[in-house]
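Engineer: Can you keep this structure in mind? I'll have questions shortly.
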Ligand SMILES: [Zn+2]
């Protein structure tokens with residue numbers, strides 16, 4: 001395992017990535033947690049996985065880049081968005097990205113332009129640098145405006161197989177429709193625009209990270225193997 005400083009948040013916090021396995025492998029996976037500051041368990045389950053496997057043998061012919069927490073400012077501030085009030089999961093350069101006026105009560109504010117935020121840029125740059133086969137985003141189903149059940153959500157038909165595999169492995173429903181539009185989300189950008197395998201795991205927000213890791217921790221291995 002290699003620890004890399006990928007960049008810094010708006011408030012200057014280091015954003016770390018953890019690399020496992022062979023960087024030249026075809027089967028490359030990017031897993032991202034902590035996208036929404038109000039979903040701290042999504043970052044903690046990633047940290048629990050790192051602790052669990054850091055001294056173990058990594059699956060052959062696979063590579064994993066894991067970013068446990070892409071939004072450390074949001075986690076500290078307990079806000080969905082980053083320190084600029086931007087919802088990172090509406091800030092990716094997908095074709096459906098659209099600007100909306102900044103309003104103090106808009107937790108889904110997408111920023112002034114696509115990839116305006118340093119946290120978003122870290123992922124965009126990593127995608128440009130390493131040719132990932134699949135990207136898995138980990139969230140909890142924390143409700144602000146639009147509720148959705150815990151589920152495994154996917155974007156693009158190419159993502160269905162992995163989503164179904166993950167759904168079976170961790171006991172959650174796999175579905176392509178989360179129930180509301182998500183322009184500029186990481187999942188939509190990866191799955192619909194880049195046509196790569198894109199799965200978003202929405203864990204049960206009412207559970208703590210230990211419970212979630214115990215119940216669903218197998219998602220990492222299943223996701224890596226694909
Ligand atoms: Zn979320």
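The values are calculated or read from the model by the stated rules, or taken from the named source; none is laboratory data. Computed from a predicted structure; not experimentally measured. Note that we place each Cβ from the backbone using ideal geometry, even for glycine, and neighbour counts take in every protein chain shown.
Engineer: Only one of 152, 188, 201 is under 15 Å from the mean Cα position of the chain (by Cα), in contact (Cβ under 8 Å) with a residue 60 or more places away in the chain and part of a strand (DSSP E or B). Can you tell me which? I'd like the intermediate steps shown before the answer.
Structural biologist: Working: 152 fails: in contact (Cβ under 8 Å) with a residue 60 or more places away in the chain; 188 fails: part of a strand (DSSP E or B).
Selected residue: 201, the only one of 152, 188, 201 that is under 15 Å from the mean Cα position of the chain (by Cα), in contact (Cβ under 8 Å) with a residue 60 or more places away in the chain and part of a strand (DSSP E or B).
Engineer: Pick from 57, 6, 30: which is surrounded by fewer than 22 Cβ atoms within 10 Å (Cβ to Cβ) and in contact (Cβ under 8 Å) with a residue 60 or more places away in the chain?
Structural biologist: On the way: 57 fails: in contact (Cβ under 8 Å) with a residue 60 or more places away in the chain; 30 fails: surrounded by fewer than 22 Cβ atoms within 10 Å (Cβ to Cβ).
Being surrounded by fewer than 22 Cβ atoms within 10 Å (Cβ to Cβ) and in contact (Cβ under 8 Å) with a residue 60 or more places away in the chain holds for just one of 57, 6, 30, which is 6.
Engineer: Report, by residue number, each residue of the stretch 133-149 that is within 14 Å of the chain's Cα centre (by Cα) and either over 20 Å from residue 209 (Cβ atoms) or away from the ligand (no atom under 11 Å from the Cβ) (or both). Write out each step before concluding.
Structural biologist: First, the residues of the stretch 133-149 that are within 14 Å of the chain's Cα centre (by Cα): 134-141.
Matches in the stretch 133-149: 134, 135, 136.
Engineer: Continuing with the same structure: Considering only the stretch 109-132, state which residues are surrounded by fewer than 21 Cβ atoms within 10 Å (Cβ to Cβ) and either modelled with pLDDT under 95 or within 16 Å of the ligand (Cβ to nearest atom) (or both).
Structural biologist: Residue satisfying the conditions is 112 alone.
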